[in-house]
Each structure stands twice: as structure tokens, then as C-alpha cells.
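S.K.: Take this structure, written in C-alpha cells, and hold onto it; I'll ask about it next.
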Amino acid sequence: MTALAQQNPFSVHTPEDMLAPDVVSLFVDVFTDFYQIPKSGHTFLNGPRGSGKSMMFRYLQADCQCLTLGAQLWDLPFYSAYVPIKNTDLKITELARLHARHADVILNEHIMTTYVAAKVIRSFSTLDITDDNNQFADELRRYYRGDFVSLLDAGGFDTTSLPLIPADASLLAGFRIVGDVLDAIYRKVLLYLRRLSFSPNDLNYSGPLLGYLDFLVPFIQGLKQLSFMPRGPVFLLFDDADNLNDTQTRILNGWVSSRTSGDISIKISTQLAYKTFRTTTGQTIDSPHDFSEVNLSTIYTSSHDKYRDRIAEIVTKRLKNHSLDVSPDIFFPPDSEQENEIQSLAQTLRDRWSQGQGRGFRAGDDAIRYARPEYIRQLRGASKSGHTYSYAGFDQLVHISSGIVRYFLEAASQMYAEQQARMNSGALVTVIPPFIQNKVVREQADRFLFSEFENILKDADEAQLNRAAKLRNLILALGGLFYETLVSDRSERRVFSIAFSDTPDQELRDVFALGIQYGYFHESAIGNKEGTGRTKLYILSRRLAPYFTLDPTSFAGYRFVTSDVIRDAIARPKTFLSRVRNGVINADTLESGQLPLLSQEEL
């Protein structure tokens with residue numbers, strides 16, 4: 001049993017800080033869904049925070065791969081070096097002063113090159129490489145004295161003062177010396193930039209200048225020739241690349257456009273806020289010519305069964321690591337009284353269908369479509385005064401997590417902690433009662449819509465603040481619209497998505513883009529109303545289902561709307577919903593955009 005198994009089984013850990021045995025014990029292989037990632041070639045991995053990008057990158061690193069495959073380093077199909085972007089010195093404001101002379105491009109590439117090279121070398125420090133007779137250490141020493149020194153010379157570095165790798169140094173000690181040299185070069189340019197901030201005039205930079213093609217590529221190609229290295233490509237795992245500044249993003253795009261993927265495959269994770277796909281020369285990089293692209297939330301949002309299977313594997317692994325051999329469905333049971341009533345409604349609908357009063361092609365169609373919405377509608381009436389819908393049961397929790405693994409684990413972790421506190425005996429938790437499940441997901445829905453949204457407003461600049469305010473109104477309006485649709489008599493009542501029947505302007509696209517970036521919406525595509533092509537589908541996060549009292553188990557329903565309708569909903573969400581409830585706005589007006597004039601009371 002690992003150390004993690006003695007804690008809350010659903011605790012969320014920062015992957016880069018996890019030891020390889022813990023990563024391997026918890027990781028569920030998702031690469032059958034995202035086959036491009038462990039293959040040669042440049043890949044963008046896009047998804048909101050918590051969708052598992054960093055965990056995938058951690059699993060691809062050599063210590064995890066050696067443990068998983070039971071192999072030595074040189075037997076691996078690739079070698080991965082983790083390159084974190086968040087919380088680094090890469091975003092340096094002083095570089096903007098050099099923009100007019102294009103010096104920021106040259107210095108930014110030098111900074112990125114040395115930073116990445118140092119990360120590649122430092123990545124070997126976690127590996128246990130058996131080096132009989134110091135054979136590998138001797139190879140590294142020869143490479144250091146030969147090709148490495150030549151590359152530094154060509155980049156303008158004074159190599160006369162380079163430290164030597166002693167003849168008796170171990171392989172790990174040799175890597176440490178190489179890493180120290182690269183770190184020193186990196187620190188020198190950072191020191192120059194900090195001095196620049198105190199000077200009213202530009203200061204001349206006299207240090208080396210290293211680039212991707214003239215240093216990093218041959219540097220890695222030379223490492224690949226060492227006999228302890230895998231024969232396949234080196235993966236550079238850029239995590240949180242949204243945090244690069246615009247110039248650095250364009251430089252990285254230039255690296256992607258270079259035809260080096262046979263030796264160096266660049267894997268780039270983003271939180272859907274990547275600044276540009278243009279290079280420093282203004283050219284665009286394009287999929288699939290230059291790179292492949294994986295959008296985690298799109299894949300898992302549009303394929304519930306696949307995502308449910310992944311979550312079930314994750315939960316089962318974590319429970320087994322905690323000495324619990326129990327299925328997720330039993331560990332997270334539904335509210336039995338509620339489910340019995342829904343099943344009773346389902347049977348009533350089947351009986352009506354058999355009497356010729358149904359809507360679907362089969363009796364089961366009406367039961368699936370309308371039993372749960374009908375139950376929720378009854379809760380609004382007098383028959384069940386004071387009762388609320390229960391968001392409990394493994395299937396509902398999977399849906400509510402809305403395709404984001406961390407959302408499920410964070411909720412499950414809180415549920416486990418609450419049940420453990422209630423037991424107050426130190427006994428093993430073997431089941432999470434439905435009332436705790438419901439309580440936690442409702443609290444998280446409120447927090448997601450309010451306190452987490454407040455953080456967005458606090459951190460936003462003036463332009464983003466305006467979009468964020470519009471986004472909140474949009475969420476409130478659509479959530480209310482979807483609830484009114486759920487309790488209506490429409491044939492399709494379980495709706496979580498909208499698609500535009502016209503072309504939204506840039507302002508609306510920016511509001512939705514902000515919502516996608518922060519996980520309030522997911523993006524997919526469907527056929528347009530005319531049947532002549534595809535249009536974007538915007539899916540409200542099911543994390544918000546408990547706030548709006550929506551049925552989270554629906555994935556198919558959507559409504560076509562016009563840009564004018566959405567603009568009206570953003571401007572006056574309360575008035576918009578009042579008009580929906582009163583029938584002033586209906587299916588026809590949503591799709592045509594011909595909204596009735598506001599009355600004096602509404603104004």
C-alpha cells in the first residue's frame with residue numbers, strides 16, 4: 001500500500017510533486033482516447049483546469065514509464081522532459097522595452113532555449129540508471145567536452161572557464177554539472193533583464209545567444225546518441241502554455257513549425273487561452289500539417305459512456321489502494337426513495353405509450369426522456385412541498401463533473417471527509433450516504449457560480465471585466481431557460497446546450513470563449529439548421545445542474561437561438577426569464593429572433 005492509500009482516497013494531488021509509484025498506482029490509461037499524445041509528432045492538449053493534462057504529462061515521464069513497462073531507460077519508446085510554464089521567470093515585463101528593436105524575440109528565444117535545455121538535463125535526476133563500470137558517465141563526459149562545448153562556443157559563450165566533469169564522477173554527478181552550466185547561462189540573462197528595469201536607457205547584452213535550431217535541436221540530438229537513451233523521440237512537455245507571453249508563444253509556434261518531430265516532439269497543454277497560432281514571422285501553424293490537436297472536454301462531453309468508464313476505473317483504483325473492494329455504484333448509491341418514484345413514473349409513461357398516448361417510437365423512449373423531468377416538475381408543485389431533488393448516485397455524480405476528472409475527485413474527496421467526520425470512530429468509510437452527496441454537489445455548484453466567479457472578476461482587466469459580467473448574466477439566463485424547458489411540455493425537455501441559427505458577432509464569441517476557458521461552457525459542433533454544414537454547440541457545464549435544478553443526465557438536447565436573443569438575455573436576464581415563463585418568448589421567438597417589444601412594466 002502506498003502512502004497515498006492511507007489518506008483520503010480521493011485527494012487531489014499536484015501531479016508534478018507525486019512520486020512515480022503513486023502516479024502509476026492512480027493513473028488510468030486514457031491514451032486509447034488520446035492516441036496522438038504518446039506518439040511522435042507535435043500535439044496541443046487543450047482542456048480546462050482539472051481535466052487531467054498534467055497527470056498525463058507526469059505519467060509520460062521516464063520514471064513512470066520504466067515502472068509501468070518494467071523496462072530500463074534505453075528500452076523506452078520515447079523520453080519525456082517536463083517543462084512547466086506557470087510560476088516561472090519566463091514572463092518578464094522588462095522584455096517589452098526591447099520590442100521596438102525586435103531584441104525581445106532574440107532574448108526570449110535564448111531564455112526559452114536555455115530554460116528548456118536545463119529542464120531536459122534536470123529530468124535525469126529522478127532516474128535510477130544502472131551504470132556498470134561508469135560506461136554511461138564516460139559517454140556523457142565525452143559529449144560534454146566535445147559537442148556540448150562546440151554548441152556553446154557557436155552561441156557566443158566563453159567556454160574557457162567551464163567546469164570539468166571529473167573522471168570518477170557518476171552519471172548523476174555529470175548531469176548535475178551540465179545542468180549547473182545551463183542554469184548559470186539562464187540566470188545571467190535574467191540578471192541582465194532585472195538590471196534593465198533600473199536603467200533609464202537600454203543596456204547592451206554581451207552574453208551568449210542560443211536558439212532552437214542552432215542549439216536546442218543539436219543539443220538534444222547529441223543526447224539521443226548516448227547509449228542509455230531511448231531510440232525514439234524526446235518529448236518536450238510544455239505545461240500551461242497559456243502563461244507564455246505573446247512573443248514567447250510565437251517563438252514556440254515557430255518551433256512547432258520546424259520539421260524536427262522525429263527527434264523532438266513538442267507536447268503543449270493549454271487551458272483554452274493560448275494567445276496565438278502565429279509565428280514571429282506572422283505565419284500560422286495549422287492542424288494537421290504542423291500539429292495534431294486534442295480537446296479533452298469536447299471528447300468527454302460528447303461521449304458520456306467513455307468518460308463514465310474512465311471515472312469508474314479511477315474510483316475503483318483509488319478504493320482498492322485504500323483496501324476497499326467495492327464498485328463505484330455501491331460506494332456512491334442514489335437516493336432510493338427518489339429513484340423508486342422516478343421508476344414508477346417511468347412505468348406510467350410506458351403504460352400510456354401502450355395505450356397510444358406516447359410520443360416516442362418505443363415505450364422505453366418516453367420513460368427515458370420524461371420520467372426524471374416529470375419528477376422534477378412535480379417538485380415545483382404542491383404535491384411535494386418542501387422536498388428537493390437529490391443529486392446522488394454514481395451516474396449523476398459523473399454527469400455533474402461535466403467531463404472534468406478533478407471536479408469529480410474534489411467532490412468525492414469532500415464527501416469522504418464529511419462522512420468520516422460523522423462516523424467519528426476511525427472506521428473505514430464503505431459508503432457515502434445520498435444526503436452527503438447531494439449536499440456537497442449543491443455547495444460546489446453555488447461556489448462555482450458565485451465565489452469562484454468573484455475570483456475571475458477580481459483578476460480581470462477592464463476589457464475582461466465587461467465580458468465576465470456578461471458571462472454571468474448569460475449563465476443565469478441560460479440556466480433558467482433550460483429549467484423552464486425541463487418543466488415544460490416540449491417533446492425535448494432535457495436541454496443543456498444552444499447553437500446559433502445565425503452568425504454571432506465577435507462580442508458574443510468573446511463572452512462564450514471566456515466561459516469555455518473557465519469551464520462554465522464546453523464547445524462542440526452539430527449540423528446547422530439549413531443542413532449545409534456545421535455550427536458550434538455551446539454546452540452549459542453540468543456542475544451548475546444543482547443550482548438550476550436541471551437533469552444532468554441529458555447530453556443530446558439543444559436549442560437553436562439567434563444572436564439577438566442571446567444579447568437580450570445577457571442585457572436583462574431576469575426580464576428574459578420572466579418572459580420565457582410567461583410564454584412571451586417561446587420556441588419560435590428563440591429561433592427567429594423577432595422578440596416582442598418590452599412592456600412599460602418590463603422597462
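S.K.: Would you mind stating whether Asp29 is within 26 Å of Leu324 (Cβ to Cβ), without any contact (Cβ under 8 Å) to a residue 60 or more places away in the chain and in a helix (DSSP H, G or I)?
M.R.: For Asp29, the condition - within 26 Å of Leu324 (Cβ to Cβ), without any contact (Cβ under 8 Å) to a residue 60 or more places away in the chain and in a helix (DSSP H, G or I) - is not met.
S.K.: Identify all residues within the range 127-147 that are part of a loop (DSSP other than H, G, I, E, B) and of a type in the set (Ser, Thr, Tyr); write none if there are none.
M.R.: If the condition is that a residue be part of a loop (DSSP other than H, G, I, E, B) and of a type in the set (Ser, Thr, Tyr), then Thr130 is the only one that fits.
S.K.: For the range 359-410, what are the residues that are part of a loop (DSSP other than H, G, I, E, B), among the hydrophobic types (A, V, I, L, M, F, W, C) and modelled with pLDDT of 90 or more?
M.R.: Scanning the range 359-410 gives a single hit, Ala392.
S.K.: For the range 23-50, which positions are charged (D, E, K, R) and within 19 Å of Ile311 (Cβ to Cβ)?
M.R.: Residues satisfying the conditions are Asp29, Asp33, Arg49.
S.K.: Output the number of the condition that Leu236 fails; it satisfies all remaining conditions of (1) crowded, with 17+ Cβ neighbours inside 10 Å; (2) part of a helix (DSSP H, G or I).
M.R.: Condition not satisfied by Leu236: (2).
S.K.: Now a separate question. Only one of Ser206, Ser150 is in a helix (DSSP H, G or I) and free of Cβ contacts under 8 Å to residues at least 12 places away in the same chain. Can you tell me which?
M.R.: Every option except Ser150 fails the conditions.
S.K.: Would you be able to tell me the number of residues in the range 132-174 that are of a type in the set (D, E, K, R) and surrounded by 16 or more Cβ atoms within 10 Å (Cβ to Cβ)?
M.R.: Of the residues in the range 132-174, 4 are of a type in the set (D, E, K, R) and surrounded by 16 or more Cβ atoms within 10 Å (Cβ to Cβ).
S.K.: Of all residues being under 29 Å from Val30 (Cα atoms) and not in a helix (DSSP H, G or I) in the range 411-441, which is nearest to the chain's Cα centre (by Cα)? Just the residue, please.
M.R.: Here the answer is Ile432.
S.K.: Give me a count of the residues in the range 32-55 that are free of Cβ contacts under 8 Å to residues at least 40 places away in the same chain and buried (at least 19 other Cβ atoms within 10 Å of the Cβ).
M.R.: Selection size over the range 32-55: 0.
S.K.: If you go through the range 208-226 one residue at a time, how many are more than 21 Å from Thr280 (Cβ to Cβ) and small (Gly, Ala, Ser)?
M.R.: 1
S.K.: Looking at the range 212-227, is at least one residue crowded, with 17+ Cβ neighbours inside 10 Å, assigned by TED's automatic domain parsing to the domain that holds Gly146 and over 18 Å from Ile185 (Cβ atoms)?
M.R.: No, the range 212-227 contains no residue that is crowded, with 17+ Cβ neighbours inside 10 Å, assigned by TED's automatic domain parsing to the domain that holds Gly146 and over 18 Å from Ile185 (Cβ atoms).
S.K.: Which ones in the range 405-428 are touching a residue at least 24 places away in the same chain (Cβ under 8 Å) and among the small types (Gly, Ala, Ser)?
M.R.: The answer is Ala411, Ala412, Ser413, Ala417.
S.K.: Additional query: What are the residues in the range 81-125 that are of a type in the set (Gly, Ala, Ser) and either out of contact with any helix residue (DSSP H, G or I) (no Cβ under 8 Å at 6 or more places or on another chain) or at pLDDT below 70 (or both), if any?
M.R.: Answer for the range 81-125, where residues must be of a type in the set (Gly, Ala, Ser) and either out of contact with any helix residue (DSSP H, G or I) (no Cβ under 8 Å at 6 or more places or on another chain) or at pLDDT below 70 (or both): Ala96, Ala100, Ala103.
S.K.: Within the range 216-225, is there a residue that is aromatic (Phe, Trp, Tyr), touching a Lys or Arg at 6+ places or on another chain (Cβ under 9 Å) and within 21 Å of Tyr79 (Cβ to Cβ)?
M.R.: No, the range 216-225 has no match at all.
The values are calculated or read from the model by the stated rules, or taken from the named source; none is laboratory data. Owing to the predicted nature of the structure, the values given are computational and were not obtained by experimental measurement. Cβ sites come from the backbone with ideal geometry, for glycine too, and all protein chains shown count toward neighbours.
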